[in-house]
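Colleague: Mind having a look at this structure? Questions to follow.
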Amino acid sequence: MRASILAWVVFGCLGAVAQQERVDTPDCNSLSDYANGGSWNEFRFEVVERVDDALANDGNAFKCIRGKDFFGKEVYGYDRLDSGTAQSIIPCPEPGSQYVFSARARLSGAGNNGRVFVEFINDAGVKTNAVEFIVSAANYTDFSQTFTVPSDAVWCHVWILQNDPQDAAMLVDSVSLKSADPDDTPAVPTGLAIDDKSSSMVRLQWNAVAGANGYLIERKHDSDNSTKWRTVVRTFEGGGQTNFLDAVDTSTSKVLEPGVKYDYRISAFGDYGNSAASSVVSVTLDTRTDSPGGTTYYIDATGGSDSNAGTSEGTAWQSFIPLDRLNLAAGDSVFLKRGESWNEPMNLHGGGAAGSEVVVSSYGSSTNKPIINVESRAHAAIRMIDVSHVRISDLEIANFHPFHRKVRRYALEAGSWQAVGVTNLHFNNLFVNGVRCVANRGDGGSASDGRGGAGLRVVGNIRSEDTKEMIYDVSITDCRFEDVEMFSMHLHDIDGLVVSNNVAERSGFCAILTRRLFNAVISHNRFYDGGYYETCDDNAHIGFYGGSDVVIEHNLIDTTHNTASGQSMNFDGTDNYTIQYNYMKDSEAGSFVLNHQASNNVFRYNVSEGIGETQWMRNLGALDTHIYNNTVYLKPGQDVNFIYNGHTINAAEDPATNVWCHNNIFYSAGGTITGDLINSIPGSSGIFISNNVYYGTFTELPVEDGHPLYADPQFEGPIGSGSVDGFQLLETSPYIESGIIISNNGGLDYWGTPVSATNAPSIGAHQPVGISAPTLIWEETFAGQTMTDPADNPAKNIAKQYNDLWIESNGGVTNGGDGARAILSTGGSGQSRDMYYILSGDSIGAGDYELTLEVDNIGNNGWLDVAVFDVYNGTGTSGDCVEYDFLGGQGATFGATMGPSPVSGAPTAKTNQLGTTLRIGGLADNDVPSVVGMHTIPFSYDGNGDLVLAFIAGANVSNGKSSYFDSLQIRKVSDNSAYSTWSNSYSLVYGPEGDDDVDGLNNLAEYGIGGNPTNGFVDGNLPTFGSGSAGLEYIYAYRADDATLDYTLETTTNLISNVWTNTGYNVTGTNQAGGTFGYVTNLIDSAESKRFIRLKIERN
């Protein structure tokens, strides 16, 4: 009877990793009894790959590994001991039997020896040391010793002990206990030979070894010393495997070099032991030849042959080795046959030219893409170093194997090694179907530096990611990424990047990790389940490090795991990023984090739904951050802060500085939010927060918000159900057109509705459709005028009180920089002063209006009140209002009655205030968006009497303060007709009869025939002539979706008389197929020798 057992140190963390299931990382810090897992006597452990401390560490004493047991399960344990001990207790083999205890280990660094030993324990707890190995060599040493299991043994105790924790570490490759009889060690492999080779690939072959579970393949450079063998791979395909293609040097992370000699050897491993190494074979790699260019190469895994020419479908190559012997040239194409698959990497060399790219794609009739899956045995499925002007499309690529998990594994890798200025790389319609990789914190970097692995990696400098060497003009479009255990896309040092219309599912760390992007657009992507495999504890769904001038818009970011970080987006040291129109769902640790003096970043028109912990926005030392018109929704039971402004991590000297936060909706669906809604720690400065909506139950009010709002925003709904459209505002919402005007606001809301630059926007990410831009009917810019004396200015209808109003011609910065503005100052003792502007009611007419003005500056603690009145004499008719005294004395405020006039004999003026008084300023620091910028007062006017625009300047302190303002405008609020909606969408300056693009068609005609009123070269559906069976036909288009338009055909026979009549034609047909436009066919009367025709479009 055989009773074999493995005693592996701290292997108590067991777990099978399935590609389609989320698996939490095992807790390798704990020791447990493997015997509780069952089948211990049929177990053998073999290290698959060291991953250093990426998974766990125990007080820096151990570093974690992954291994594979006899049944194919993954096993987690420690194979590196820097100090202390690692141990495991397992049930004892059969007492009195002969067993072999084996280990493979080495010492790393100078210091005392390490020990690997096994002891046995009886029922009384007495221990017997059976076998001990002393580990002292720097190279791996195979230890083995046969012993007799004590007759009273009950438990077996395996130890690893490092004697000198200061200077040395011990690494253990495998440990096993096996029965001494029979010997299960596999035979040494024979027949190792070079089957084929190219410039960066070597295909090995050997004879199968019966009973082997797999093979260990090793390689060394011929310049290395004889003992410096490096592991290429451990395979787990069984003893029947007889070949392997080597294409990567794991020690340098670069492909094998042409013209260099390499040595190889191989050994087999079985259930309970490894064979000795085989004899050595040597190979010198080929040098590459140049393709003539303009050539198409075909590769067919089943029907091709590497001895073929490869230049036609009938003479296709079989593998990528012939391709690896070429430097591709301008106009070359490489086509892989659809429905075929390869388990070897494709290395591309050479490159195209501007306007003549190298194309890599597919051919054939199969609906399945060609597949390249190197199964974690090569650095990348496709690798292209120092290659420019390449377009790759229509392939499925992977680097996945269920038992192999290595650092530096990619599906596709591109970058520079020696070349400078790599450019024009485009990747389209690729399916990245799995990359098995691990974080690489133990290899000179951090988890966030991207060295662990990625689906698609484009890096400016492959040798060192700290070298700022740029790649130019890169696009990634219409690709799909699934089950990439680190980064679906890893992008460094790129100037000119487009990432658009991609899908990433189950990204282990980030869907996108970037460093130093410039002039990039990341748009219309869909990302699901970021941090899915939890390969590290500091992930974000998208992570940005450095760079500038990047736009991130129209992306869906759905479910971000891991509460240790887990934001939808991370911005670290970024500059001038614009984040807009994104929909973020169910992030476990917030939507955004900024760090390390990220500067001048704008967050607007985003919708966030569901936040697990921490804050919606975590600001750690960012500068000049603009946050406006976002909608944030917390699901029931979620208790988080909305905004936190603090210091840069580990750098308290870098606090958050200058944050503008306006017009956002923060909505809590249920439960109570405890603590501050907004929290700025001491040291943060320039935090300007106002006019945000807070709806829900809070234990504390947002004291940092200068003008908080608490009413229900009234969403259309349903909300919280995963549909972003539910966050649009109802027409009854109190927050329509109630926001602060933001300069350079982007012009569109989340749903693409125009946002006015001069009128108050709605609060939140939605600007309701159908609210028309008011029509400008009067404007005063003060251009070309001055007023420096105390006299009133009747010619301009400007009146003032005292000597505290000036109009200067060179101080303003608004209205295109015309330099003119008004200045209204308080008295020297801080007493209020006034100004009023008088307009004749005859020039305005009745209607709904908005008064807007632009404030350049108000002195700190100063304020400016603005109001609108109508004024008429006792009989109700308009009078001479030029000299009315509105305030009646120094320091007064607006009143309901004004007068008497200082002009002797003038009638008493009666007044009625239209709308409410607007106060601007009054803050200790008035240099904030709520003061500086556009301001609006809505009012209704019945057309009776003159309009008076009244201004009064005052101060909260005793010294004088000045208010600088400009650009007084009155706009009439337009109707909500279809024409008005269309007009607003183009931001037209003129009305229906105007011609904004000066092309001879007025704006109403452009609307009626589907033209573009801002582009004179786009006329829409102009009328056409045709020859019908009955004669000449005139065909015009009409808007079928707007019944308010009348289309009339008129004719004349004499342009001099200019008499037009609705005669001379007959309607013969109308075609309306359900679209926006229909068409009317008219038969023209041919009785006259000449006839002129015109189409009139009017609003009924």
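Colleague: What is the gain in length, in nm to one decimal, between Asn113 and Asp478 on full extension, counting 0.36 nm per residue of separation less the C-alpha to C-alpha distance? Intermediate values should be presented prior to the final figure.
Modeller: Numbers: separation 365, 0.36 × 365 = 131.40 nm, distance 5.61 nm.
Contour length minus Cα-Cα distance gives 125.8 nm.
Colleague: Separate question: By how many nm would the segment from Gln98 to Val420 lengthen if fully extended, with 0.36 nm per residue of separation less the alpha-carbon distance?
Modeller: This chain segment gains 109.5 nm when fully extended.
Colleague: At a 10 Å Cβ-Cβ cut-off, how would you order Thr185, Thr560, Thr311, fewest neighbours first? List each step's numbers first, then the result.
Modeller: Numbers: Thr185 21, Thr560 35, Thr311 13.
Going from sparsest to densest Cβ surroundings: Thr311, Thr185, Thr560.
Colleague: Same structure, new question: Direction-averaged shadow area of the convex hull around the Cα atoms of region 308-438, nm²?
Modeller: 8.2
Colleague: Each label point is 7 Å from the Cα along the Cα-to-Cβ direction; what then is the distance between the points at Ala354 and Gln913, in nm?
Modeller: Modelled inter-label distance: 6.6 nm.
Colleague: Additional query: Counting other C-beta atoms within 10 Å, which of Ser507, Ser963, Ser500 has the fewest, and how do the rest follow?
Modeller: Neighbour counts put them in this order, fewest first: Ser500, Ser963, Ser507.
Colleague: Return Val640, Val607, Val280, Val551 ranked ascending by Cβ neighbour count within 10 Å, so the fewest neighbours appear first.
Modeller: Ranked by crowding around the Cβ, least crowded first: Val280, Val551, Val640, Val607.
Colleague: Place a point 7 Å from Cα of Asp549 in the direction of its Cβ. Which residues in region 483-518 have their backbone N less than 19 Å from it?
Modeller: 492-499, 515-518
Colleague: Additional query: Here are some pairs, Lys261/Lys337; Lys197/Lys220; Lys585/Lys635; Lys228/Lys261; which of them have Cα atoms lying more than 22 Å apart in this structure?
Modeller: Going by Cα-Cα distance, Lys261/Lys337 fall outside the 22 Å limit.
Colleague: Take each of the peptides 1064-1071, 1079-1086, average the number of other beta-carbon atoms within 10 Å over its residues, and list them starting from the highest.
Modeller: Per-residue Cβ counts within 10 Å, averaged per peptide and sorted highest first, yield 1079-1086, 1064-1071.
Colleague: Which residues in region 1053-1085 have a backbone N closer than 19 Å to a point placed 7 Å from the Cα of Ala1030 along the Cα-to-Cβ line?
Modeller: Residues 1062-1072, 1079-1085 qualify, since their backbone N sits under 19 Å from the label point.
Colleague: Where does the Debye-calculated log10 I(q)/I(0) of region 1024-1099 sit at q = 0.20, 0.27 Å⁻¹, using only Cα point scatterers of equal weight, no solvent?
Modeller: The Cα Debye sum returns log10 ratios of -0.91, -1.32.
Colleague: While we're here: Using the Kirkwood radius over Cα pairs, work out the Stokes-Einstein diffusion coefficient for region 962-1100 at 20 °C and 1.002 mPa s, in µm²/s as a whole number.
Modeller: This corresponds to a translational diffusion coefficient of 125 µm²/s.
Colleague: What is the magnitude of the charge dipole of region 1024-1099 about its Cα centre, with +1 placed on the Cβ of each Lys and Arg, -1 on the Cβ of each Asp and Glu, and no other charges, expressed in debye to the nearest 20? Can you show the working numbers first?
Modeller: Working: 6 positive and 8 negative charges, 33 e Å.
The dipole magnitude comes to about 160 debye.
Colleague: Sorted by packing (mean other beta-carbon atoms within 10 Å per residue), highest first, where do 365-372, 1087-1094 land?
Modeller: 365-372, 1087-1094
Colleague: Rounded to whole Hz and in sequence order, give me ³J(HN,Hα) for region 568-583 from the Karplus expression 6.51 cos²θ - 1.76 cosθ + 1.60, θ = phi - 60°, writing x for Gly and Pro.
Modeller: With coefficients 6.51, -1.76 and 1.60, one gets 4, 9, 10, 10, 10, x, 7, 9, 6, 8, 10, 10, 8, 6, 9, 10 Hz.
Colleague: Still on this model: For a quick protection proxy, order the peptides 1039-1045, 262-268, 738-744 by their average other-Cβ count within 10 Å, most packed first.
Modeller: 262-268, 738-744, 1039-1045
Colleague: What is the extension gain from Ile777 to Arg230, computed as 0.36 nm multiplied by their sequence separation minus the C-alpha to C-alpha distance, in nm to one decimal? Working shown, then result.
Modeller: Details: separation 547, 0.36 × 547 = 196.92 nm, distance 8.10 nm.
So the chain would gain 188.8 nm between Ile777 and Arg230.
Colleague: Ratio of Rg to Rh for region 453-533, alpha carbon only, Kirkwood?
Modeller: 0.97
Colleague: If each of Leu1022 and Asp1042 carries a label point 7 Å out from its Cα toward its Cβ, how far apart are those two points in nm?
Modeller: Result: 2.0 nm between the two label points.
Colleague: What distance in nm separates the two pseudo spin-label positions at Asn122 and Glu1050, each 7 Å out from Cα along the beta-carbon direction?
Modeller: Distance between the two pseudo-spin positions: 12.2 nm.
Colleague: For Lys1090, project a label point 7 Å along Cα to C-beta. Then give me every residue of region 1046-1076 with its amide nitrogen under 12 Å of that point.
Modeller: Counting backbone N atoms under 12 Å from the label point, the list is 1053-1057.
Each reported figure results from applying straightforward, stated rules to the coordinates on display, with no laboratory input. Values in this document were obtained by computation on a predicted structure and should not be read as measured data. So basically every Cβ, Gly included, is an ideal-geometry build from the backbone, and we count neighbours across all protein chains shown.
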